[in-house]
Structures are given as C-alpha cells and as structure tokens.
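Single-structure report; data block below.
The values are calculated or read from the model by the stated rules, or taken from the named source; none is laboratory data. None of these values were measured; they are calculated from a predicted model. Ideal geometry is used to build each Cβ from the backbone, glycine not excepted, and the neighbour counts take in all protein chains shown. For the accessible areas, the whole protein counts, side chains as well, though only heavy atoms, and no ligand, DNA or RNA atoms are used. Shrake-Rupley method; radii C 1.70, N 1.55, O 1.52, S 1.80 Å.
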Amino acid sequence: MARVHNFNAGPAGLPLPALERAQRELLDFEGTGMSIMEHSHRGKAFEAVHNEAISLLRQLLGVSDDYHVLFMQGGAAMQFAVVPMNLLPPGRSADYLLTGGWSEKALEEAKRVGTVRVAASTAVDKRYTRIPRQSELSLDPEAAYVHMTTNNTLFGTQWHWLPDTGDVPLVADMSSDILWRKMDISRFALIYAGAQKNIGPSGITVVLVRKNLVDSARKDIPVIFRYATYAANNSLYNTPPTFAIYLMRNVLAYTLEIGGLEEVERRNRKKGELLYETLDANPEVFLAPVEKESRSYMNVVFRLASEEMEKRFVAEAAKEGMVGLAGHRSTGGIRVSIYNAVPVESVERLTAFMRDFAKRA
C-alpha cells in the first residue's frame, strides 16, 4: 500500500493507526456481529463509544465540569448562525474580530440574526497578513460576546495570544487548530470546531460551552438549534453521525497514546519550523506574506514568482506523492496544511523537494 503525503486543508488526513483500528473493526465491532455504523445510536455499544469520545476530549483539552461537550452537525458554517441565535438577544450587539475569510463569513451570518460590529480587522486590499494587537481592538464592554477565529486557513495566520475581553464572553471558531497544543480552555466561553482538520472526519462539529451560558441562552429559537437541547440529551436528541463520532474516538485515543497534546505540539512546532526555515532560506523563490509573529503552525502559505511556476510546483510535487498543495481558490498560491495527522517525515520530504525546486527555479 502506497499512501501519499497528504497536505489537504480539509477534509484532511487522519492518523494511520486510527484508520487501521477502524479497518479491523469495520465488519464486526467488538464481537457484536455488525459494524458500529449499523448500531443504534441509543444502544449500549454506540453509547460507550460516544461517551468515551467526550471523556477523551475533556482529558486531552482539560475541559472542566463547568462546560458541556456537545456534538453537532453542520460544521463551523452552521455555528456561524447558531452562535448568535443562542447568544445574541434583541437589543444587544456582538463584537467580531476579522482576521480572514472565515471570520468574515461568521460576521455576515451573524448580521442576519442580530446587531454586530467589527471590533478589529487587519485586512489590507482584501488580504490578511497578520493578527491584530490588543491595542488595535475596539471592544464594547457591553457586547453579548466577542467572536474570534483562532487560525485562518486561507491566509495562513494564527493567534498566538488571546485577546483580553474583560467580562465579555469570548467565543472562538477553532476548527483548524483545536488540539494542536494545550491551552487554557477557561479563557473561552464557547469553542466550536468542525472535526475535519485535527479531530476526525467531516460530518461532526465539537462545541465546548460554559453551562451558565447555555442556561441563559435564548429560548425563542427552533429546538434543534438550541445548545440546551444537545446538553439535555447528551448530543443524542436526534440521530448523530455515528461513524464520524466513532472515528473521532479513534483519533482522540491515538492522540492520548502518543503522549497527548504535549507530544502533538512538539511535532507541530517541528513541522512549522522546518517549513518556515526553508521559506526564509530561499526568499528569492518563495514569497512568504505573513508577518513572522502571526505565522500559522497549521496552514503555511506562500507564493512563487508566477502562477505558471506555482502550477509547476504543485504538479512536480504530486508526481512525488505530495498532494493538496494548491492554495484556496480565493487566494491562489501554495498552501501546506500540516495538521496533527501529517507526519514530520512528510514535511521533511516536502522541504527537501522545496530546496531542490529552488535550485532549479
């Protein structure tokens, strides 16, 4: 079996041991005579997997009992609407920090629900190359919440510090960098993340939300969109994507086995350093637009001298088993997504190719 070096931005690669476990259990899950996909979501077999996934998330991220761990569907895109539907009451406004395309989409969706304002933006000519500084945040102390996107897949920027929002709840879209390292979850009132980058396959969205925030959330919205509905039913109000939750359980269990988020962070920093050192050593070929203090350890973006050269770079890399390197259609260029499941060896292979390409450019 020849597996490629997968640098796709999402759905992204999964750890091989997590996939191999699924392969072993696919037809007969724990001697039950059927696949986990065939089990009732209200049966004991799936319930055990479901609760194990919740427990593993709490353990890996250090999530206290002050928070609900919820599994929802619809991805981060649905949360763009669900967050204000639950947390933005009439007569209040919410602050949004714009650092990339997805934070822009979150803002636009929230506008359809209630009153919002831009509390910071680092856009220059519709592009983002840095994270704002605390002094650049124009925060409303009466805001219902402050929304941020912790990592920006399109433009390759990442928050390496957390904004001080005072008593205003901090809400974070952490879809593309959740689980990349340890962090203080207590700094956030709500975190949401589509699973398809670091947690598991597409189809499941993780929500970590303070219990008191759920208790005070709006009740005048459809039942299926209320966080309280999922909290009261252990995320089993309706049929969840059971196989996605099962695979997420496999990924989380593997993450714990290799040493938890301390080991994950060590690997991620090594991968990022390898790539950025290669870019910085060849500035005449690789044009890295992001300011160094804002560089992402999940999505490394750069340009070459021309689109033709970028197409050649992607094509030659593909011939050597490296896929998913073309930038997003809205930004162009090259994007190397190095989520948790990407091995250090894949980045070593890519940087060797980059050095050789630079010599021939």
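The set of residues in segment 218-227 being open to solvent by 10 Å² or more (accessible area, probe 1.4 Å), closer than 18 Å to Ala144 by Cα and either touching a residue at least 40 places away in the same chain (Cβ under 8 Å) or of a type in the set (Val, Ile, Thr) (or both) consists of Arg218, Ile221, Arg226.
Taking the criterion of being within 27 Å of the chain's Cα centre (by Cα) and either open to solvent by 30 Å² or more (accessible area, probe 1.4 Å) or among the polar types (S, T, N, Q) (or both), the residues of segment 342-361 that qualify are Pro343, Glu345, Ser346, Glu348, Arg349, Thr351. A search for C-beta distances below 6 Å between a residue of segment 313-326 that is under 19 Å from Leu154 (Cα atoms) and free of Cβ contacts under 8 Å to residues at least 12 places away in the same chain and any residue that is polar (S, T, N, Q) and open to solvent by 30 Å² or more (accessible area, probe 1.4 Å), counting only pairs 6+ apart in sequence or on different chains, returns nothing.
Only residues that are under 19 Å from Ala143 (Cα atoms) and either touching a strand residue (DSSP E or B) at 6+ places or on another chain (Cβ under 7 Å) or crowded, with 22+ Cβ neighbours inside 10 Å (or both) were counted in segment 49-81, giving 2.
For (1) in a strand (DSSP E or B); (2) in contact (Cβ under 8 Å) with a residue 60 or more places away in the chain; (3) in contact with a Leu (Cβ under 7 Å, 6 or more places away or on another chain), each residue gets a yes or a no:
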site: Ala9; (1), (2), (3): no, yes, no
site: Ala12; (1), (2), (3): no, yes, no
site: Gln23; (1), (2), (3): no, no, no
site: Glu30; (1), (2), (3): no, no, no
site: Ser40; (1), (2), (3): no, no, no
site: Leu56; (1), (2), (3): no, yes, yes
site: Leu60; (1), (2), (3): no, yes, yes
site: Phe71; (1), (2), (3): yes, yes, no
site: Met85; (1), (2), (3): no, yes, no
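Taking segment 237-277 as the range and being within 19 Å of Ala352 (Cβ to Cβ) and either open to solvent by 10 Å² or more (accessible area, probe 1.4 Å) or modelled with pLDDT under 95 (or both) as the test, the residues that pass are Arg267, Lys270, Glu273, Leu274, Tyr276, Glu277.
Just one of the numbered conditions (1) touching a Leu at 6+ places or on another chain (Cβ under 9 Å); (2) open to solvent by less than 30 Å² (accessible area, probe 1.4 Å); (3) not small (Gly, Ala, Ser) is not true of Arg295: (1). For segment 318-361, filtered to residues that are part of a loop (DSSP other than H, G, I, E, B), hydroxyl-bearing (Ser, Thr, Tyr) and out of contact with any Lys or Arg (no Cβ under 6 Å at 6 or more places or on another chain), the residue that is modelled with the lowest pLDDT is Ser330.
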